[in-house]
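Engineer: Please read through the structure below; I'll follow up with questions.
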Amino acid sequence: MLLANNISFKYSERFLFKNLDLSVSPKTITQIKGRNGTGKTTLIKILSNILIPTTGEIYWNGKNIYKNTRYFFNNLTLIMDTNTSKEDMTVNENIEFWQKLFKSPIKNNEIDLLLEMLNIHNYKNTFVKYLSYGEKRKLEISRLILEKKKLWMFDEPYLGLDEAAINIFNETLKNHVKAEGMVIFSSHYHLEMRGLNTIDLENYANN
């Protein structure tokens, strides 16, 4: 479980948001909404321990994430709007790198099925720099399966995805939460899914 208490963030003498509480339990999806400039990306960075909030504390399974960083990161997959794949490596080389980095138990035939499902199986030996933005985002999504972490966080995960990829991504989210997983994402996308929790940052703005 992820708990955030009294989270505020001040930027250039102005609070983007104040006094925000958040509780994310297994089998739940939480969407962060709000106009551009309300701090959606900032909040994702705070919840993933990239940024330190002006006020507040965050706990993962009862442990403060600032004092137990490795424990927290061992349970977190974070996908921002910037891709982590290496441009001068092929799709397959990136996947092999992630496999080794995260000591993934996933087998090669499972990877082949995953790439086929994402419709990028024909690009296994293509350098990432030659992929379209949408294809790069699909490759980024493959990290979810490779890493097998409990908590998934995303910043604008639907950008660049076509309708087929969106449907696959949404099914992946459903399967994750069925398996006791948790999801937090920021997006303007209107997701219709049972049990979806939403946080509208407009309600926490410094009005």
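The values are calculated or read from the model by the stated rules, or taken from the named source; none is laboratory data. Please read these numbers as outputs of a predicted model, since none were measured by experiment. Heads up, the Cβs are rebuilt from the backbone with ideal geometry, glycines too, and the neighbour counts pull from every protein chain shown. These area figures cover heavy atoms from the full protein model, side chains too; ligands, DNA and RNA do not enter into them. Shrake-Rupley method; radii C 1.70, N 1.55, O 1.52, S 1.80 Å.
Engineer: If you add up the charges near Tyr66, with Lys and Arg at +1 and Asp and Glu at -1, over every other residue whose beta carbon is less than 15 angstrom from its beta carbon, what do you get? List each step's numbers first, then the result.
Structural biologist: Details: positive: Lys45, Lys63, Lys67, Arg70; negative: Glu57.
Neighbourhood net charge equals +3.
Engineer: Which chymotrypsin sites (Phe, Trp or Tyr not before Pro) does segment 3-90 hold that lie in a coil by DSSP with at most 13 other beta carbons within 10 Å? List each step's numbers first, then the result.
Structural biologist: Values: sites: Phe9, Tyr11, Phe15, Phe17, Tyr59, Trp60, Tyr66, Tyr71, Phe72, Phe73; in loops: Tyr66.
Of the chymotrypsin sites (Phe, Trp or Tyr not before Pro), the ones in loops of segment 3-90 whose Cβ has at most 13 other Cβ atoms within 10 Å are Tyr66.
Engineer: Using DSSP to define loop residues, name the GluC sites (Glu not before Pro) in segment 5-88 whose beta-carbon has at most 12 other beta-carbon atoms within 10 Å. Intermediate results must be reported in sequence, preceding the final value.
Structural biologist: On the way: sites: Glu13, Glu57, Glu87; in loops: Glu13, Glu87.
The qualifying sites are Glu13, Glu87.
Engineer: Beta carbons within 10 angstrom, averaged per residue: use that to sort the peptides 105-115, 25-35, highest first.
Structural biologist: Working: 105-115: 14.0, 25-35: 17.5.
In decreasing order of mean packing, 105-115, 25-35 become 25-35, 105-115.
Engineer: If I fit a long axis through the Cα atoms of helix 133-147 and take the longest principal axis of the Cα atoms of the chain, what angle between them do I get, 0 to 90°, rounded to 10?
Structural biologist: 80
Engineer: In Å², and per residue, what accessible area does the chain have when probed at 1.4 Å with the other protein chains present? Don't skip to the end; give the middle numbers.
Structural biologist: Numbers: 10750 Å² over 207 residues.
Per residue, the chain has an accessible area of 52 Å².
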